[in-house]
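Notes for the one structure printed next.
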Ligand code: ARG
């Protein structure tokens with residue numbers, strides 16, 4: 001099996017400098033030393049899980065650059081660059097572009113395709129051959145149709161109805177082509193039905209664990225890595241033959257992010273119905 005490749009960005013300049021989601025409060029800044037050790041803990045756990053970590057250089061004044069999930073959507077050797085909804089994050093794009101170009105990805109950034117906002121793997125996750133795509137909070141539904149046409153994949157747009165679960169990866173996590181973790185209350189009734197029809201095996205998390213970012217998990221092989229405080233999900237994952245691991249990420253929760261947000265899988269997620277070209 002090829003080595004899983006994951007992009008991360010060290011939290012040198014991470015902090016709560018603005019408020020663009022309900023988790024962020026500029027009066028409650030992150031503890032710098034603690035954020036560093038928590039990020040390192042995640043990094044080391046992923047290395048221990050068999051992943052190769054590639055690094056993007058941190059940039060002063062871009063506190064959310066650590067959330068590499070939002071850099072773009074990877075599809076084989078192409079990356080669809082994000083178009084951030086909030087001006088506060090738009091300065092990240094040139095750095096994301098430079099990293100992907102240097103890494104040899106074909107950067108797709110067609111203004112025809114990219115009319116409107118799109119926040120990359122934060123809002124678009126493959127489960128089998130279907131790309132589930134969250135809209136309304138950060139990404140535009142129109143954009144999703146363009147992605148489907150461009151990549152030739154089936155896109156299932158789902159509306160995100162709760163501002164606390166503003167990215168799809170805060171409330172939905174594919175584990176395998178036919179299995180995912182989700183927090184149903186983050187979707188409307190129609191979205192719940194559409195997801196249930198598209199993904200045969202679903203594990204629901206309770207509100208208390210959703211608030212611990214249980215759905216914001218990194219999957220490497222059979223390992224599933226989350227923030228601490230998700231014991232019910234972990235028990236269910238173990239029962240289903242997964243290997244759950246926890247690592248504290250509270251400093252990043254202050255920014256509205258956790259394990260998955262801090263990573264971008266470069267070679268194709270386990271749950272995706274495609275693999276990176278050799
Ligand atoms: N503060 C960041 C924002 O609101 C957090 C991003 C979390 N990333 C994610 N993939 N959910 O944009």
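Where a number appears in this text, it was derived from the coordinates with a stated rule and is not lab data. Since we're looking at a predicted model, the values are computed, not measured. All Cβ positions, glycine included, derive from the backbone under ideal geometry; neighbour counts span all protein chains shown.
Here are the numbers:
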quantity: Potential lengthening between residue 101 and residue 201 on full extension [0.36 nm per residue; Cα-Cα distance subtracted]; calculated: 32.3 nm
quantity: Ascending count of other beta-carbon atoms within 10 Å, so fewest first, for 252, 213; calculated: 252, 213
quantity: Span from the segment 191-223 Cα centroid across to the segment 14-73 one, whole angstrom; calculated: 22
quantity: Burial ordering of 223, 265, fewest other beta-carbon atoms within 10 Å first; calculated: 223, 265
quantity: At R0 = 35 Å, FRET efficiency that the Cβ-Cβ distance of residue 33 and residue 161 yields, to 0.05; calculated: 0.40
quantity: Rounded to 5, the percent of DSSP beta bridges in segment 5-271 classed as antiparallel; calculated: 50
quantity: Convex hull (Cα only) mean projected area of segment 31-93, reported in nm² to one decimal; calculated: 5.4
quantity: For segment 5-271: Kirkwood Rh in Å [reciprocal of mean 1/r, alpha carbons]; calculated: 18.1
quantity: Prolate/oblate/rounded call for segment 171-278, Cα gyration tensor, a/c under 1.5 rounded; calculated: rounded
quantity: Extension gain from residue 18 to residue 154, taking 0.36 nm per residue of separation minus the Cα-Cα distance; calculated: 45.4 nm
quantity: Kirkwood Rh (inverse of mean 1/r, distinct Cα pairs), segment 127-202, angstrom; calculated: 12.4
quantity: Pair residue 185, residue 93: separation of 7 Å Cα→Cβ label points (nm); calculated: 3.5
quantity: Segment 51-140 shape via C-alpha gyration tensor axes, a/c threshold 1.5; calculated: rounded
quantity: Residue 222/residue 193 FRET efficiency (R0 35 Å; Cβ-Cβ; nearest 0.05); calculated: 0.75
quantity: Residues in segment 154-189 reached by a label modelled at residue 239 [backbone nitrogen below 16 Å; 7 Å Cα→Cβ]; calculated: 180-182
quantity: Share, in percent, of DSSP beta bridges within segment 122-278 that are antiparallel, nearest 5; calculated: 45
quantity: Projected label distance in nm at residue 211 and residue 60, using a 7 Å step from Cα toward the beta-carbon; calculated: 3.8
quantity: Gyration tensor verdict on segment 1-55 (Cα atoms; rounded if a/c is under 1.5, prolate if a/b is larger than b/c, oblate otherwise); calculated: prolate
quantity: Per-residue Cβ neighbour rank within 10 angstrom, fewest leading, 68, 93, 3; calculated: 3, 93, 68
